[in-house]
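Here's the structure, in structure tokens; my notes come after.
The values are calculated or read from the model by the stated rules, or taken from the named source; none is laboratory data. Because the structure is a prediction, the values reported are computed rather than measured. Ideal geometry is used to build each Cβ from the backbone, glycine not excepted, and the neighbour counts take in all protein chains shown. For accessibility, only protein heavy atoms count, side chains too; no ligands or nucleic acids. Shrake-Rupley method; radii C 1.70, N 1.55, O 1.52, S 1.80 Å.
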Amino acid sequence: MRVPKTNNLHFDVSTGLKRVLGRELITDDEVAIFELVKNSFDAGADNVQLYFGDGTIVIADNGSGMSYEDLTNKWLFVAYSSKRNDRSPDDFRNLAADRRHYAGSKGIGRFSSDRLGEEVIIQSRPRGRAKTVHRLTVDWDLFEKDAKERFEQIPVHYITQDAFQLPRELRRFESTLSHGTAVTIQKLRRPWPRQRILDLKASLAKLINPFGEEADGFGIHITAPAEAPEDKKLISLHAEKDESPLPKDLVNGQIGNFIFSTLQDKTTFIRVAIENDELHTTLTDRGEIIYRIAEPNPYQHLSAAEFRCEIYYLNQSAKITFARRVGLPSVQFGSVFLFRNNFRVYPVGEDGNDWFGFERRKQQGYARFLGTREILGRVDVAGSDEDFQEASSRNQGLIETPASEELQKAVMEHCLKRLEKYVVPVSWKDPADGTTDDLSRLMTDPGRARVSAAVANLVDNKKVRLIEYSKRLVDLINERSTDFETSLVSLRAIAEKTDDKKMLARLDAAERRFDDLKKSEADARRVADKALAAAEVANLRAATAEAEVETERRRAHFLESFVNVDSATILNLHHQVTIYAVDIAQQIENFLTETAGKTSISREAVLKTLEQMAFLNRKVMSVTKFAAKANFKLDSEKIETDLAAFIYDYIEQIARTTGSARLQIAVDNTHPGIKLRFNPIDASIIVDNLISNARKAKASRIQFMLTQEEKSGLTIHVSDNGRGLTSGTNHSRIFEMGYTTTLGSGLGLYHVRQALGEMGGSIELKDNVEKGLSFIIKIAARGKKQ
């Protein structure tokens, strides 16, 4: 054979290419089905039917369909993808759905059917007036008989038919199918028993959109006739218990989105998106928008990528809700998934995958950082392979590019860390907040102070623009709170950032009132200290000098009558009463000064002042109860002791003996003991207000049960047999200041919540009780994160 000196050569392709692009490249059956479903998505379908029959799988859709030219020039053209080329504005797929990007674009997805079965039948009818259904039959085994045979020499059988030919169970769908494609895979390489289909269903649910939003109106429906009897049996068994089976346990039916819309009202989540070259962030905590901000976009490669990120922090309550609704722990479901052009990028987000680097960072500071076990979320980008290219094996994530690197950085810096800067100082600071699915613990003064500080720290940046923040949580707290002064600093930073002149004026007024109260309290302490010193001197004289003048003798007898009760306790309680009395006087003086010259005063202003005085008066009343029994030693305003035992003793020795005979007060303490530092007056206010409310509700019995239901902390179940709440009462507002549906002040339960807040506790109403009212009080042991 004569060899030419120069010539143009070309590649020959053997039939072995089929195996390389099919079973050897697509290494997983689920991924193979994903590829076929992606084709339906890219064809503009909004309905995909997945059928599992005897040795047969059918994937049918109502997408744009294919003409004879499409089949010969595109589908049969190996590695050609029309998706790589921008389509014209009048392309038929633009009419099918508003999708500017595609889930796949390599032109090899059609070979995924080789992974599933030996033979594939394509039926397709294009959109338009065409009535003919084009049918291709490919026998993949023909490509494996001789590896030296040329790829293009293997015949592919083509015929036309008048209608789609689908299994009997898909006839209703078939009757609506004016255009679309049906892929039938026969001679399956592996069987598909019930569990395999259920596993596929769970993966498909995460493939399109598990976050409660419509993904381009795209739905997938599974039909498996052999599994219908088992589905029916499960439904009947649950119906007997007046329940519904979990969607994950049923094979047949629509693949539904999960419970993220429910989780939005039960936990904390952050949303970040790039819009108009700005980074917009919204943080929401249990249904309440905490803040919305905007700042310049620092990620050049993501500017046109339609970047969106949504991450949920799963506290203990949210994890329980998730497991109950979905049927498996959140950690097994995954963490933060990546979606490119609306389809999952595998294996990002799967259990054990750390593509974003969350877990590596978590190991550097377990108590300071969020990890994959505590979060769940979704990241969306759109774009071409140049920026976001999946590995050809389809289960290796994205290939490293400048855009993918910026994507990882954006998710870490502006999504996870932003969420973390709220969760760690606000939620983790109060361990019991992790078991609460509402804002009750944040509505306390310490809770609101923590939220204000978190928002203030966020906006301490010239580039950040604060658009909106929670007026319920980021607001003035009570002057008597120990967090008042630090809260003022946070609120002033926020008010100055938003140029809120009204808020600044309120802060100035509150600061003046606080300074006046501090001065009055200092004066009161000096007076009380002087009286205490004089009383001690008089007591000493009475004990050592019996021959004093008549006036001194009378004074000593007076003091001795208190000393017989317990002089140290009584004098200290007298000291406290003096301080509270001066505080009340100062509140009155402040109110008169603020309202001088005004012809009308708002109810809110009056209620706030009266609430302060009512709370101080409650303290005075509690002091008198202590004085009557004098069983507790008070060396300072706060003591450190067993809180459960203290409350039990207070109810047994004071509340029961100073109450009414018409109300029986019972207490049971099974708690092993919880040592905390607290103000005993606060503890008495909690008990006294609940007893007072029960008495007003005409209850004949109130029960306090002190237990340890969590690993740490104190739980108190309080129940009475009174009249309960009146009809029309808004249960979510009963702890608000001034809210009442009776002739009461609406301050009792508010004071209970405020006092509990200072102790690191919370209170919630127990619903569905037969009679009366029931509350659950939870007080966390300090320094533990749940």
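Suppose the filter is on the phi > 0 side of the Ramachandran plot and not acidic (Asp, Glu); does Asn353 pass it?
It is false that Asn353 is on the phi > 0 side of the Ramachandran plot and not acidic (Asp, Glu).
I need the full set of residues from segment 462-473 which are surrounded by fewer than 22 Cβ atoms within 10 Å (Cβ to Cβ) and closer than 18 Å to Gly757 by Cα, in order please.
Arg472
Looking only at segment 1-44, filter to residues that are over 41 Å from the mean Cα position of the chain (by Cα) and among the aliphatic types (A, V, I, L, M); which one of those is least open to solvent (accessible area, probe 1.4 Å)?
Per the stated criteria, the residue is Leu21.
What number goes with the only condition from (1) modelled with pLDDT of 85 or more; (2) open to solvent by 40 Å² or more (accessible area, probe 1.4 Å) that Asp483 does not pass?
Of the numbered conditions (1) modelled with pLDDT of 85 or more; (2) open to solvent by 40 Å² or more (accessible area, probe 1.4 Å), the odd one out for Asp483 is (1).
Any residue at all in segment 722-729 that is in a helix (DSSP H, G or I) and either modelled with pLDDT of 85 or more or crowded, with 22+ Cβ neighbours inside 10 Å (or both)?
no
Are there any strands (runs of 3 or more DSSP E) wholly within segment 112-166 with 2 or more residues that are within 51 Å of the chain's Cα centre (by Cα), and if so which?
So the answer is 117-125, 133-139.
Does segment 709-720 include one or more residues that are touching a residue at least 24 places away in the same chain (Cβ under 8 Å), in contact with an Asp or Glu (Cβ under 8 Å, 6 or more places away or on another chain) and of a type in the set (A, V, I, L, M)?
Looking for residues that are touching a residue at least 24 places away in the same chain (Cβ under 8 Å), in contact with an Asp or Glu (Cβ under 8 Å, 6 or more places away or on another chain) and of a type in the set (A, V, I, L, M), one finds none in segment 709-720, hence no.
Please find, within segment 698-719, the residue that is modelled with the lowest pLDDT out of those that are in contact with a Leu (Cβ under 7 Å, 6 or more places away or on another chain) and open to solvent by less than 20 Å² (accessible area, probe 1.4 Å).
Ala699
Among all residue pairs at least 6 apart or on different chains, which show Cβ distances below 9 Å where the first residue, located in segment 583-598, is more than 19 Å from Lys518 (Cβ to Cβ) and the second is modelled with pLDDT of 80 or more?
Thr595/Ile601; Thr595/Val606
For segment 271-289, enumerate the residues that are among the hydrophobic types (A, V, I, L, M, F, W, C) and without any contact (Cβ under 8 Å) to a residue 40 or more places away in the chain.
If the condition is that a residue be among the hydrophobic types (A, V, I, L, M, F, W, C) and without any contact (Cβ under 8 Å) to a residue 40 or more places away in the chain, then Ala273, Ile274 are the ones that fit.
Look through segment 150-166, keep the residues that are surrounded by 12 or more Cβ atoms within 10 Å (Cβ to Cβ) and in contact with a helix residue (DSSP H, G or I) (Cβ under 8 Å, 6 or more places away or on another chain), and return whichever of them is nearest to Val78 (Cα to Cα).
The extreme case among them is Phe151.
Are any residues in segment 290-324 under 25 Å from Arg441 (Cα atoms), in contact (Cβ under 8 Å) with a residue 24 or more places away in the chain, open to solvent by 60 Å² or more (accessible area, probe 1.4 Å) and assigned to a helix (DSSP H, G or I), and if so, which ones?
Passing the criteria: only Gln316.
Okay, residues lined up against (1) open to solvent by 10 Å² or more (accessible area, probe 1.4 Å); (2) at pLDDT 90 or above; (3) within 23 Å of the chain's Cα centre (by Cα):
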{"site": "Glu174", "(1), (2), (3)": "yes, yes, no"}
{"site": "Thr181", "(1), (2), (3)": "yes, yes, no"}
{"site": "Ala215", "(1), (2), (3)": "no, no, yes"}
{"site": "His221", "(1), (2), (3)": "yes, yes, no"}
{"site": "Ala226", "(1), (2), (3)": "yes, yes, no"}
{"site": "Glu240", "(1), (2), (3)": "yes, no, no"}
{"site": "Asp249", "(1), (2), (3)": "yes, no, no"}
{"site": "Thr262", "(1), (2), (3)": "yes, no, yes"}
{"site": "Ile270", "(1), (2), (3)": "no, yes, yes"}
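Working only within segment 184-197, note down all residues that are over 40 Å from the mean Cα position of the chain (by Cα) and open to solvent by 20 Å² or more (accessible area, probe 1.4 Å).
Selection gives Gln186, Lys187, Leu188, Arg189, Arg190.
Looking at segment 276-288 only, could you name the residues that are part of a strand (DSSP E or B) and surrounded by fewer than 16 Cβ atoms within 10 Å (Cβ to Cβ)?
Result: Glu278, single match.
Kindly evaluate Phe646 against the criterion of being surrounded by 13 or more Cβ atoms within 10 Å (Cβ to Cβ), of a type in the set (Phe, Trp, Tyr), at pLDDT 85 or above and within 42 Å of the chain's Cα centre (by Cα).
Against the criterion (surrounded by 13 or more Cβ atoms within 10 Å (Cβ to Cβ), of a type in the set (Phe, Trp, Tyr), at pLDDT 85 or above and within 42 Å of the chain's Cα centre (by Cα)), Phe646 qualifies.
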